[in-house]
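Written below as structure tokens is the structure these notes are about.
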Amino acid sequence: MRKKAIFENTVVNISYWEHKHYFSGVDLIVIGSGIVGLNAALYFKKNNPKARVLVVERGILPSGASTKNAGFACFGSPSELLGDIKKISEKTVWETVKMRWDGLKLLRKNLGDENIGFKQYGGYELFSSKASFNQCNEKLRYLNKKINENLGKKNAFTASNSAIKNFGFKKINGVIYNQYEGQIDTSKMFSSLLQLVRKEKIEVLNNIEISSISDTKNGVELESNLGVFKTKKVIVAVNGFAKELLKIKNVDPARAQVLITKPIKNLKLKGTFHYDEGFYYFRNIDDRILFGGGRNLDIKGETTTEIAITSKIQNQLENLLKTVIIPAQKFEIERRWAGIMGVGSEKKPIIKHYSTNVVCAVRMGGMGIAIGSLVGKEAAKLISD
């Protein structure tokens, strides 16, 4: 009987050349190529100039929310901040707000306002309930005092009911304006961040899915769809996908569904807008309206890592466009998509050692644009110490 070849049907994934260039002698592998992951790689390289750093990503593009977000440069709306204070310690709330503000400053400093399309048009919180508006309006002096104490910014929030008429909203019974809120162009931001990473000779490889992490005395072994990789240290920056990879508590996936209209003639809308305690959010971009949210309609169903859209939420987004946001204007939808956030019972990010040579930097709480640069920097420092 003919002996079966030992290597028959053996899957071969990586050549000697590929292994030599990309995977040998690696000092740090960052899992996740979003805002946090790329910043972590950058700052580790800055702290360790001779180190070999590799970033791996499961998708063709970042799988979470870094390139699927709404591009809000914000630190929290009044109702959101007041709601958080009822649930968790006030100290933690303001520490998180400061991290968001400092993260935004870091993002702007590192990449430049022009390169991220930063515009400070201000932000608006819209209230359908007069009672809810009054409750928040009564707390504005307190909120402004705390913002000034923590961020050094005076008179952040003011009532601005003239916005209802100026923008043509219907069924809105109160508006609070935040003069310090801005918006970015997410595509410009991410492109600029990738250029900066590659300039530092940091490799970014896509379509690599890590299935397990083993921290040994001599480093870390990562099992992937391309085989086993070895490195000295690892930073896990997968945010909403953290539970799939790590046994970590108090971080859950939260899907965010989004749509964008085709260009609208004479669009008055200008700024970033929060509605229903931030569960809905919209903005102007390229003469279009980008509109996302509605997770509160099906919290259980939207606690998922499946990147998909549902008729229940998409229909509600369209309905609010028609009846509340631009009731006097015709529009067509150009595109719909979804991204995965990381959330928990509190919104302060988790930046900690998962094991001796593995650090996790997850749970951005839907504020990755604001807080991501700082979280990446702190994760790099922690793994370097």
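Read-outs: derived from the displayed coordinates by stated rules, not from any lab. Being a predicted model, the structure only gives us computed values, none of them experimental. In this analysis, Cβ positions are derived from the backbone assuming ideal geometry, glycine residues included, and neighbour counts consider all displayed protein chains.
Annotation: amide H-H contacts under 5 Å for ILE285 (H modelled 1.01 Å from N, sequence separation of 5 or more, or interchain): LEU290.
Put a plus charge on the Cβ of each Lys and Arg, a minus charge on the Cβ of each Asp and Glu, and nothing anywhere else: the dipole of the range 136-246 about its Cα centre is then about 680 debye. Helix 90-111 and the longest principal axis of the Cα set of the chain meet at an angle near 70°. Extension gain, LYS86-ASN47: 0.36 nm per intervening residue step, less the Cα-Cα distance, totals 10.1 nm. Using the Karplus relation 6.51 cos²θ - 1.76 cosθ + 1.60 with θ = phi - 60°, the per-residue 3J(HN,Hα) values for the range 56-67 come to 10, 9, 6, x, 5, 10, x, 7, x, 10, 4, 10 Hz, with x marking Gly and Pro. Amide H contacts of GLU203: VAL53, VAL55, each under 5 Å away and 5 or more positions distant or on a separate chain (H built 1.01 Å from N in the peptide plane; Pro and chain starts excluded). Calculate for the chain the 222 nm mean residue ellipticity that helices alone would give, adding -39,500 (n - 2.57) per DSSP H run of length 4 or more and normalising by residue count, nearest 500 deg cm²/dmol. Here the helix-only value at 222 nm equals -9500 deg cm²/dmol.
So, counting K/R as plus one and D/E as minus one, what does the shell of residues with Cβ under 12 Å around THR304 add up to?
Numbers: positive: LYS243, ARG255, ARG295, LYS300; negative: GLU244, ASP252, ASP298, GLU302, GLU306.
Combined, the nearby Lys, Arg, Asp and Glu give -1.
For Cα Rg over 2.2 N^0.38 Å, computed directly from the structure shown, the correct entry in (i) 0.94; (ii) 1.06; (iii) 0.99 is (ii).
So if I place +1 on the C-beta of Lys and Arg and -1 on the C-beta of Asp and Glu, and nothing else carries charge, what would the dipole magnitude of the chain be about its Cα centre? I want it in debye, nearest 20.
Working: 60 positive and 37 negative charges, 83 e Å.
Once rounded to the nearest 20, the dipole reads 400 debye.
Other residues lying with their Cβ under 13 Å from the Cβ of LEU140 contribute a combined charge of +3, Lys and Arg counting +1, Asp and Glu -1.
The distance separating the Cα centre of the range 197-257 from that of the range 67-103 comes to 26 Å.
As a rough footprinting exposure proxy, the listed residues VAL228, VAL55, VAL204, VAL97 were ranked by other beta carbons within 10 Å of their own, and the order from fewest upward is VAL228, VAL204, VAL97, VAL55.
3J(HN,Hα) along the range 22-37: 9, 10, 9, x, 7, 8, 9, 10, 9, 9, x, 9, x, 4, 5, x Hz, from the Karplus curve 6.51 cos²θ - 1.76 cosθ + 1.60 with θ = phi - 60°, whole Hz, x for Gly and Pro. Rounded to 0.05, the FRET efficiency of the GLU114 and GLU334 pair, given R0 = 30 Å and the Cβ-Cβ distance, is 0.70. Shape class of the range 252-343 from the alpha-carbon gyration tensor: prolate, with a/c at 1.5 or above and a/b greater than b/c.
With 0.36 nm allotted per residue and the present C-alpha distance subtracted, the ASN266-LYS352 stretch has 26.1 nm of extension available. SER162 sits among other residues whose Cβ lies under 14 Å from its own Cβ, and their net charge, with Lys and Arg +1 and Asp and Glu -1, is +3.
Given LYS247/LYS347; LYS87/LYS154; LYS165/LYS300; LYS91/LYS232, which pairs have Cα atoms separated by over 30 Å? Please list the in-between numbers first.
Values: LYS247/LYS347 19 Å; LYS87/LYS154 26 Å; LYS165/LYS300 36 Å; LYS91/LYS232 36 Å.
Beyond 30 Å: LYS165/LYS300; LYS91/LYS232.
Could you list LYS381, LYS348, LYS247, LYS87 so that the one with the fewest beta carbons within 10 Å of its beta carbon is first and the one with the most is last? Please report the intermediate quantities before stating the final value.
Details: LYS381 15, LYS348 18, LYS247 7, LYS87 11.
Least to most surrounded, the residues fall as LYS247, LYS87, LYS381, LYS348.
Evaluating 6.51 cos²θ - 1.76 cosθ + 1.60 at θ = phi - 60° for every residue in the range 253-263, the Karplus couplings come out as x, 9, 6, 10, 9, 9, 9, 9, 7, 6, x Hz, glycine and proline recorded as x. Each of SER89, SER33 was scored by other Cβ atoms within 10 Å of its Cβ. Arranged with the fewest first, they read SER89, SER33. Farthest towards the positive end of the charge dipole of the chain, among the residues SER15, MET99, GLY339, is the Cα of MET99, using unit charges on the Cβ of Lys, Arg, Asp and Glu. Cross-linked pairs LYS20/LYS46; LYS217/LYS249; LYS146/LYS352; LYS45/LYS145: Cα-Cα separations exceed 29 Å for LYS45/LYS145. Spatially, the range 118-141 and the range 26-56 are offset by 39 Å when compared through their Cα centroids.
If you fit an axis through the alpha-carbon atoms of helix 78-87 and take the longest principal axis of the Cα set of the chain, what angle between them do you get, 0 to 90°, nearest 10? It works out to around 60 degrees. Averaging the Cα positions of each part gives two centres, and for the range 281-317 and the range 144-182 these lie 24 Å apart.
Computed extension gain for LEU297 through SER311, at 0.36 nm per residue and net of the alpha carbon distance, reaches 3.9 nm. Need one word for the range 134-226: rounded, prolate or oblate. Basis is the Cα gyration tensor (sqrt eigenvalues a ≥ b ≥ c); a/c below 1.5 gives rounded, then a/b vs b/c decides. It comes out prolate by the Cα gyration axes. Once the C-beta distance of SER384 and SER162 is scaled by a Förster radius of 41 Å, the resulting FRET efficiency is 0.20 to the nearest 0.05.
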